[in-house]
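Student: Starting off with a structure, shown below.
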Amino acid sequence: MLYENEIKEMTAIYETMEYRLSDKLSDPKKLIEICDEGIRNPVVATNCIAELLEQLKHSDKVHSMICIDDYNYWLMPTGFPSFRYMNNKQLNGFIPPYDMALARLFVRFDGHFSRNGVKMLATSHHTQHNHMACPNELQFYEGYHQ
């Protein structure tokens, strides 16, 4: 049984989270408008980044280069524990980075599908010992690895 003030608080939370980015920005003319909305409203910040990447991917006017450092860390479990991953021995109860929204956005942003863009990756192994990352684990498309 919930008290009235608890119901009001929960309703307010659901109302702030139950809208799309297009409800706030019906027709953005510039990419900076999407960025400004993400800064103004942290609830839709991840959606703004996704929309920005999508606009850059299909743009003929804007040249884009996405640079990602320490890409190999996106293949390792994060430091965030979750009971949902306790059965996976490789994850040992931690959330994989692919299940984190921002990491998934940049992993799925493929430079070779972009009209005027490229994605560059760099890896660092100074704190990892005996780490193996085969090309099929990096989610390359067929033809990019042997």
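The values are calculated or read from the model by the stated rules, or taken from the named source; none is laboratory data. Note that this is a predicted model, so its numbers are computed, not measured. Reconstructed Cβ throughout: ideal geometry from the backbone, glycine too, with neighbour counts over all protein chains shown.
Student: Got a number for residues in the range 27-60 being in contact (Cβ under 8 Å) with a residue 12 or more places away in the chain and not in a helix (DSSP H, G or I)?
Tutor: Within the range 27-60, residues that are in contact (Cβ under 8 Å) with a residue 12 or more places away in the chain and not in a helix (DSSP H, G or I) number 4.
Student: Tally up the residues in the range 1-33 that are modelled with pLDDT under 80 and of a type in the set (Asp, Glu), please.
Tutor: 3
Student: Can you go through Tyr98, Tyr73 and tell me which one is touching a Lys or Arg at 6+ places or on another chain (Cβ under 8 Å), part of a helix (DSSP H, G or I) and at pLDDT below 85?
Tutor: Being touching a Lys or Arg at 6+ places or on another chain (Cβ under 8 Å), part of a helix (DSSP H, G or I) and at pLDDT below 85 holds for just one of Tyr98, Tyr73, which is Tyr98.
Student: Picking from Met65, Met10, Met86, which residue would you name as being under 20 Å from Gly117 (Cα atoms) and loosely packed, with under 13 Cβ neighbours inside 10 Å?
Tutor: Met65
Student: So Asp36 ticks every box in (1) surrounded by fewer than 11 Cβ atoms within 10 Å (Cβ to Cβ); (2) of a type outside the set (Phe, Trp, Tyr); (3) out of contact with any helix residue (DSSP H, G or I) (no Cβ under 8 Å at 6 or more places or on another chain); (4) at pLDDT 85 or above but one. Which box is left unticked?
Tutor: (1)
Student: Scan the range 1-26 and report the pairs whose first residue is part of a loop (DSSP other than H, G, I, E, B) and whose second residue is modelled with pLDDT of 80 or more, with Cβ atoms within less than 7 Å and a gap of 6+ or a chain change.
Tutor: Once the first residue is part of a loop (DSSP other than H, G, I, E, B) and sits in the range 1-26, its partners that are modelled with pLDDT of 80 or more give Leu25/Glu33; Leu25/Ile34; Leu25/Glu37.
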